[in-house]
Amino acid sequence: MLIRPTALVRPARSFEVEDISNLIKAALESFRGNVQPHVLDHYIAYSCDIAARWDDGEVLVAECDSRIVGTVTYAARSLHGLPAEWASFRTLAVHPSVRGRGLGWTLVTTCIARAWEEGASTVGLHTAAFMTSALAIYQRAGFERCPEYDLCASDVLGFDRALGDLAVIAYRRALAPRRGF
């Protein structure tokens, strides 16, 4: 029987930035060999630069036993070319030592609930095909592909496309309207 840890999802604190960056790096390093090294190196650097996105949304952390084990950045508005009225999230990461325990699901559903509470009609995200566990979570949570918002990693990360590129694929989930009393 798998025991799922109880996770507290809360806003990150500025003094936790280094710990969160280290968690993201550990999570993304596990994909080494599944994606071109130069793409992964740029993606890790971009994703670990939490200070650059601190004001774009809210960096959330999942904490178990007083240890940060997951993170996601939620934004009430879209990021990276999704429609402006959509809520969105990015940089979902769970430490490799605690994967498979439902923490990714907890972070995703937290973002969906937050978007719904704030009255968003849609929540969107970008990901990549090599992130198979994340894709399974997104699909289980009701996200659908919206290829009209796909990007190239080189456009987002700023590396030379001639070195090889990667599709950054878009997903969205429509949210039921909130009903007033």
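Annotation: extensible slack from S133 through A26 equals 37.0 nm (criterion: 0.36 nm per residue apart, minus Cα-Cα distance). Look at the alpha carbon pairs under 8 Å that are at least 6 residues apart: their mean separation over the length of the range 1-152 gives a relative contact order of 23 percent.
For the range 78-181, the convex hull spanned by the alpha carbon atoms encloses 110 Å³ per residue. Note on the range 8-174: percent of Cα-Cα distances in each 10 Å bin, starting at 0 and stopping at the bin with the largest distance, equals 10, 41, 40, 9, 0. Basic side chains Lys and Arg get +1 at the Cβ, acidic Asp and Glu get -1 at the Cβ, and with that the dipole of the range 8-174 about its Cα centre reaches some 500 debye.
3J(HN,Hα) along the range 119-127: x, 5, 8, 8, 10, x, 7, 10, 8 Hz, from the Karplus curve 6.51 cos²θ - 1.76 cosθ + 1.60 with θ = phi - 60°, whole Hz, x for Gly and Pro.
Across the options A134, L23, P83, the greatest Cα extent toward the positive end of the charge dipole of the range 8-174 (unit charges at beta carbon of Lys, Arg, Asp, Glu) belongs to A134. Taking the charge dipole of the range 8-174 about its Cα centre, with +1 at Lys and Arg Cβ atoms and -1 at Asp and Glu Cβ atoms, the residue from V108, S154, A45 reaching farthest to the positive side is V108.
Computed over the range 1-73, relative contact order equals 45 percent, with contacts defined as Cα pairs under 8 Å that lie 6+ residues apart. Along the chain, counting only GluC sites (Glu not before Pro) with a DSSP assignment other than H, G, I, E or B and at most 15 other Cβ atoms inside a 10 Å radius, the longest segment between sites is 1-84. When shorter helices are ignored and each DSSP H run of at least 4 residues is given -39500 (n - 2.57), the per-residue value for the chain at 222 nm works out to -9500 deg cm²/dmol.
One quarter of the surface of the convex hull around the alpha-carbon atoms of the range 39-99 equals 5.1 nm², the direction-averaged projected area. Only Lys, Arg, Asp and Glu carry charge here, each on its Cβ (+1 for the first two, -1 for the last two); on that basis the range 102-181 has a dipole of about 440 debye about its Cα centre. With the simple model of a label 7 Å out from the Cα in the direction of the Cβ, R13 to D155 spans 4.0 nm. Two tests apply to each whole DSSP H helix in the chain, Cα reach of 27 Å or more along its axis and mean Kyte-Doolittle hydropathy of at least 0.0, and none passes both. Note on the range 1-120: antiparallel DSSP beta bridges, both residues inside, total approximately 95 percent of the bridges counted.
None of the figures in this text is laboratory data; all of them are computed from the coordinates on show. As the structure is a prediction and not an experimental result, all values here were calculated from the model. For neighbour counting, all protein chains shown are included, and Cβ atoms are generated from backbone atoms with ideal geometry for every residue, glycine included.
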